[in-house]
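Q: Dumping the structure here so I can ask a few things about it.
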Amino acid sequence: MDCSSFVENENSKTMFTINQIKEAHSKVKSGSDFPKYVQEMKALGVTSYEHFVSDGQIQYYGSDHFKITGDVKWTPREIAANGDSEKLKAFLVIHQQGQTDYPAFCEQSAEAGVEKWIVDMIMMKCIYYDKAGDEMMVEAIPKL
């Protein structure tokens, strides 16, 4: 058994694996696919996740303090020192229209000063944060 593919809290009844998450993520081609992706993640038992723009690492959370961390996806990139919410909004609009893919949106997010975003699947919100830890934008996730 490959222990790197999942972590289980001894009190946890819900368990999902990095491989299951990768499978769900492989179906996402643009921002327009995001609502369906969120529904699939919820079905796996993911309650939220934190995406770190600098290296692409994601920490996934489930019930009963369950947590699993994905691999670093790329060489660390520089995040702009100051967050620019207007620039982020413009990048997000074109991403949601399918004009950019995930890697391009991550690059644009770094340019806009996004250090991380948190997707809360209970509240159905995506919250973007700058390097100072301040909220740059809160986006409601559309329901299907």
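The values are calculated or read from the model by the stated rules, or taken from the named source; none is laboratory data. Fair warning: this is a prediction, and the values are worked out from it, not measured in the lab. Quick reminder, even Gly has a Cβ in these numbers, built from the backbone with ideal geometry, and neighbours come from all protein chains shown. Quick note on the areas: whole protein, heavy atoms, side chains included, nothing else; ligands and nucleic acids left out. Shrake-Rupley method; radii C 1.70, N 1.55, O 1.52, S 1.80 Å.
Q: Mind listing just one residue for me: the one in segment 45-59 that is free of Cβ contacts under 8 Å to residues at least 60 places away in the same chain and either within 18 Å of residue 125 (Cα to Cα) or in contact with a strand residue (DSSP E or B) (Cβ under 7 Å, 6 or more places away or on another chain) (or both) and, of those, surrounded by the most Cβ atoms within 10 Å (Cβ to Cβ)?
A: Checking each candidate, the answer is 58.
Q: Right, next: Identify the residue in segment 11-43 that is of a type in the set (A, V, I, L, M, F, W, C) and open to solvent by 60 Å² or more (accessible area, probe 1.4 Å) and, among all such residues, is modelled with the highest pLDDT.
A: 43
Q: Follow-up question, since we're still on this one. How many residues does segment 60-83 hold that are part of a loop (DSSP other than H, G, I, E, B), in contact with a strand residue (DSSP E or B) (Cβ under 9 Å, 6 or more places away or on another chain) and closer than 22 Å to residue 42 by Cβ?
A: 3
Q: Please specify each residue of segment 113-126 satisfying the condition of being of a type in the set (A, V, I, L, M) and either closer than 18 Å to residue 87 by Cα or in a strand (DSSP E or B) (or both).
A: 114, 118, 119
Q: Continuing with this model, one more query. So residue 129 fits all but one of (1) part of a strand (DSSP E or B); (2) at pLDDT 95 or above; (3) out of contact with any Asp or Glu (no Cβ under 8 Å at 6 or more places or on another chain); what number is the exception?
A: Of (1) part of a strand (DSSP E or B); (2) at pLDDT 95 or above; (3) out of contact with any Asp or Glu (no Cβ under 8 Å at 6 or more places or on another chain), only one is false for residue 129: (3).
Q: Restricting the search to segment 63-94, which residues are modelled with pLDDT under 95 and either open to solvent by less than 30 Å² (accessible area, probe 1.4 Å) or on the phi > 0 side of the Ramachandran plot (or both)?
A: Of everything in segment 63-94, those that are modelled with pLDDT under 95 and either open to solvent by less than 30 Å² (accessible area, probe 1.4 Å) or on the phi > 0 side of the Ramachandran plot (or both) turn out to be 64, 65, 66, 68, 70, 92.
Q: For segment 95-115, what are the residues that are open to solvent by less than 60 Å² (accessible area, probe 1.4 Å) and either of a type in the set (S, T, N, Q) or out of contact with any Ser or Thr (no Cβ under 6 Å at 6 or more places or on another chain) (or both)?
A: 95, 100, 102, 104, 105, 106, 108, 109, 110, 112, 113, 114
Q: If I filter segment 132-141 down to residues being part of a strand (DSSP E or B) and modelled with pLDDT under 95, which single residue comes out as most open to solvent (accessible area, probe 1.4 Å)?
A: Selected residue: 140.
Q: Looking only at segment 87-112, count how many residues are part of a loop (DSSP other than H, G, I, E, B) and under 12 Å from residue 34 (Cα atoms).
A: Counting residues in segment 87-112 that are part of a loop (DSSP other than H, G, I, E, B) and under 12 Å from residue 34 (Cα atoms) gives 3.
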